[in-house]
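These notes concern the structure reproduced below.
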Amino acid sequence: MQVVSLDELKRHGALWQGRRGLLTADRLLSSGWTVLDDVLGGGWPRASLAEVLSDAHQGLPLILPLLARLSAGPRWLAWVAPPYVPYAPALVARGVRVERLLLVRDVSAGQRLWAAEQALKSGACSAVLVWPEQVQAAQLRRLQLAAEQGDCPGILFRSLRTVRQGSPAALRLRVRPSPAGLAVEVLKRRGAWGGATCIVPVGRDEDRGGPALVP
Amino acid sequence: MLWLALYFPHLPLEVITRGRQQAGALAIIEKLGGREQVSRCNSAAQAYGIRPGLALPAALALCTGLSVQRRDRAREQQALHGLAAWAYQFSARISFEPSLLLLEVGASLRLFGGLPTLLAPLQRELEQLGYSVRHAVAPTPMAAGVLARNRPDCQVVMQDGLCEAVAPLPLACLTRARDVRNLIRHIGMDSIGDVLALPRAELARRTGPQLLNLLDRLLGRLPDPRPEWQPPRHFSQTIELLGEIAQTMALMFPARRLMVALCGFLRGQGGGAQRLQWTLRHRDHPPTRFGQGLLDPSRDPDHMLEVLRERIERLQFPAPVVAIDLRVDDWQAFEERSLTLFERPAQADQALLERLSNRLGEQRIRGLRCLADHRPECAWQFCQPGESVVPLSPRGVSQPPWLLPQPRPLRECQGAPQYGGALRLENLPERIEAGWWDGFDITRDYFVAHSPAGERLWVFRDRRAGGWYLHGLFM
């Protein structure tokens, strides 16, 4: 019987270790929050959908450090149907170059998904944030394909009611406010177990100390 | 000087068929010598044995489904003017003969780098415009015209070769004037070469000055000034569709022809268009009009067509379309950008913006900028996406990323604001007092507040009128 060492198998990539996750570091974008990166296994998936589920459109501060970093590039940061007005002075204070923002406002539910798909697959956006009303599973798959095609992270902010709906997104988070910041629970992470939780101290550091420093 | 003649032998037919990708058997008829006869017909009609010169009843007997159109010289003339507007990109001196354009290209040859590089794009675009062409090049306008009609593809660049090139041509092709043609018939000579071989004085004595004058202009011995055509200020062209089009996407074919014509015109003017006005004409309904906007001046037909496709896909029109026209009233100076690696993302940028704004409407696609004002309502503004701004010193550090479009009044209970229970206010307020100068005068104390549910909110107390308001969200 031939004996093969585990190390050799690992070196040839023939052995996959569950804990490490399918997404390698170059397929992830650091969130800029150390605690969040820890539970996400390194950051937001780069060319895929991520869902942030909450009661009342919460969770934007989780991605502001990433948006700040991406806004230094030449591509758009698309916001499709944001529920309120993105407050420009506060975004600037958090390091986001607002001239890279592309807002799609006052559009119907169908138009939101169409605009999101176009933005994701265009290759002209470095991130696409979407506040859809209702999304069918088939439409989610379209968005997921568009994100892969355009190599662009797509972040969907959805209601907690959709927790039980299946989703092709690489990442699903449940977010709720807590006294110490935003409590985040990983519901699904591609290539890893869900269930990890953390509290992201939004409003503790970045709101006082100026723009968050991102590695 | 060097003249390029473009002769459009099928112009009477093509002005009618160019709006359609395929047309059935079609004949153009004309009244000649008191009877209606076929003057041009397309290949589908030729397959039935129909030929130019055939009497109309005979043609109809050969093909019962033949569509018949009367020759429309006004439309041909219009088409020729449209072609001149397109050709202005190749030459600034253009003049007309029937079914023929004359372009002085001696001056532009160096710019284009020789005849072949001038002719290749010219022929390609003429095909896209829906015209077949025969061309010739000669040092005099008259020779170029005569050669294009009778010896297509002939290129005489030097004066020396001209006599030899025109010598075999029939004398009658020099003019359409009846008296000169009669004269030519009477002197009993067929070709130009025969006449040129005669002693000049003898010829002048026998035929009078007219024929000699023609020959001198042909060979450049006499000046042959032509009225110079002036390009129009606006672009406005129509393609009439043979029959009706009910399907939106079938309109893309004639639209592309108009687009190529427009882009040629814009290159001639050194401009790019930003606002295109389309009109679809129906038989019994008022026309459908719509605009097509571009974010940057453009003259790239493929790009414009892509944008049009987005626009036209969701267009509803009340009846089938019989004609389509395109109008551009003004254009902007245009800088030709070379496609480099670094410019490509910027183009994808623009393409996305155009696609979104054409489908959803420009007012729904917005950018954001900061204004130098302390009042939250006035510290920002929607703008064109990507509009660059003067950076301001950051001052929104303790302010929330979300702003409510309108401050929302909060219930008060024992002097404390309520939002799902009593709010807990964080330390000292930020006082904002501004606007006495423009009528939107505010005096507010802004607080960061915590709701019982754990949300962080941005609330203020109106110091003048009293009352608490929710104005922003931190989460």
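Across region A:35-89, the qualifying residues are those that are touching a helix residue (DSSP H, G or I) at 6+ places or on another chain (Cβ under 6 Å) and among the charged types (D, E, K, R), and the one among them that is nearest to A:Gln165 (Cα to Cα) is A:Asp55. Scanning region B:1-27 for residues that are of a type in the set (A, V, I, L, M) and over 30 Å from B:Val137 (Cα atoms) turns up B:Ala23, B:Ala25, B:Leu26, B:Ala27. Across region B:426-475, the qualifying residues are those that are of a type in the set (S, T, N, Q) and under 26 Å from A:Arg176 (Cβ atoms), and the one among them that is nearest to the other protein chains (Cβ to nearest Cβ) is B:Ser451. Remark: pairs (first residue in region A:27-49, farther than 15 Å from A:Val200 by Cα; second residue in a helix (DSSP H, G or I) and of a type in the set (S, T, N, Q); Cβ separation under 9 Å; 6+ apart in sequence or on different chains) = A:Ala47/A:Gln149; A:Ser48/A:Gln144; A:Leu49/A:Gln144. Restricting attention to region A:95-123, the residues that are facing chain B (nearest Cβ under 7 Å) and not hydroxyl-bearing (Ser, Thr, Tyr) add up to 14.
A single member of A:Leu143, A:Leu77, A:Leu129 is touching a residue at least 60 places away in the same chain (Cβ under 8 Å), under 22 Å from B:Leu473 (Cα atoms) and within 17 Å of the chain's Cα centre (by Cα), and it is A:Leu129.
For region B:185-202, a residue qualifies if it is part of a helix (DSSP H, G or I) and closer than 28 Å to B:Leu2 by Cβ, and the qualifying residues are B:Ile192, B:Gly193, B:Asp194, B:Val195, B:Leu196, B:Ala197, B:Arg200.
Table: residues versus (1) in a loop (DSSP other than H, G, I, E, B); (2) exposed (fewer than 14 other Cβ atoms within 10 Å of the Cβ).
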site	(1), (2)
B:Ser91	yes, no
B:Phe96	no, no
B:Leu111	no, yes
B:Thr117	no, yes
B:Tyr131	yes, no
B:Val137	no, no
B:Pro168	yes, yes
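If I filter region A:32-41 for residues that are hydroxyl-bearing (Ser, Thr, Tyr) and farther than 14 Å from A:Ser126 by Cα, do I get at least one hit? The answer is yes, given that some residue of region A:32-41 is hydroxyl-bearing (Ser, Thr, Tyr) and farther than 14 Å from A:Ser126 by Cα. Pick from region B:286-302 the residues that are free of Cβ contacts under 8 Å to residues at least 60 places away in the same chain, over 12 Å from the mean Cα position of the chain (by Cα) and part of a strand (DSSP E or B): which of them is farthest from B:Trp331 (Cα to Cα)? Per the stated criteria, the residue is B:Thr288. Only residues that are within 14 Å of chain A (Cβ to nearest Cβ), out of contact with any Gly (no Cβ under 7 Å at 6 or more places or on another chain) and at pLDDT below 85 were counted in region B:395-425, giving 3. The number of residues in region B:41-56 being assigned to a loop (DSSP other than H, G, I, E, B) and buried (at least 19 other Cβ atoms within 10 Å of the Cβ) comes to 3.
The rows are residues; the columns are (1) in a loop (DSSP other than H, G, I, E, B); (2) crowded, with 18+ Cβ neighbours inside 10 Å; (3) of a type outside the set (A, V, I, L, M).
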site	(1), (2), (3)
B:Arg206	no, no, yes
B:Leu214	no, yes, no
B:Leu218	no, yes, no
B:Arg221	yes, no, yes
B:Arg226	yes, no, yes
B:Trp229	yes, yes, yes
B:Pro232	yes, no, yes
B:Leu241	no, yes, no
B:Glu244	no, no, yes
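The condition of being more than 16 Å from B:Phe8 (Cβ to Cβ), touching a strand residue (DSSP E or B) at 6+ places or on another chain (Cβ under 6 Å) and buried (at least 16 other Cβ atoms within 10 Å of the Cβ) holds for B:Ala59.
Regarding region B:388-402, can at least one residue be identified that is closer than 22 Å to B:Gly367 by Cβ and among the charged types (D, E, K, R)? The answer is yes, given that some residue of region B:388-402 is closer than 22 Å to B:Gly367 by Cβ and among the charged types (D, E, K, R). Scanning region A:60-78 for residues that are within 24 Å of A:Val175 (Cβ to Cβ) and within 9 Å of chain B (Cβ to nearest Cβ) yields a total of 4. Could you please let me know if B:Glu387 is under 57 Å from the mean Cα position of the chain (by Cα), buried (at least 17 other Cβ atoms within 10 Å of the Cβ) and either in contact (Cβ under 8 Å) with a residue 12 or more places away in the chain or assigned by TED's automatic domain parsing to the domain that holds B:Gln350 (or both)? Considered against the rule, which asks whether it is under 57 Å from the mean Cα position of the chain (by Cα), buried (at least 17 other Cβ atoms within 10 Å of the Cβ) and either in contact (Cβ under 8 Å) with a residue 12 or more places away in the chain or assigned by TED's automatic domain parsing to the domain that holds B:Gln350 (or both), B:Glu387 comes out as no. Looking across A:Ala116, A:Ala109, one residue alone is buried (at least 20 other Cβ atoms within 10 Å of the Cβ) and within 23 Å of B:Glu362 (Cβ to Cβ). It is A:Ala116.
The values are calculated or read from the model by the stated rules, or taken from the named source; none is laboratory data. It should be emphasised that the depicted structure is a prediction, and the values quoted were computed from it without experimental measurement. Glycine gets a Cβ as well: all are built from the backbone with ideal geometry, and neighbour counts include every protein chain shown.
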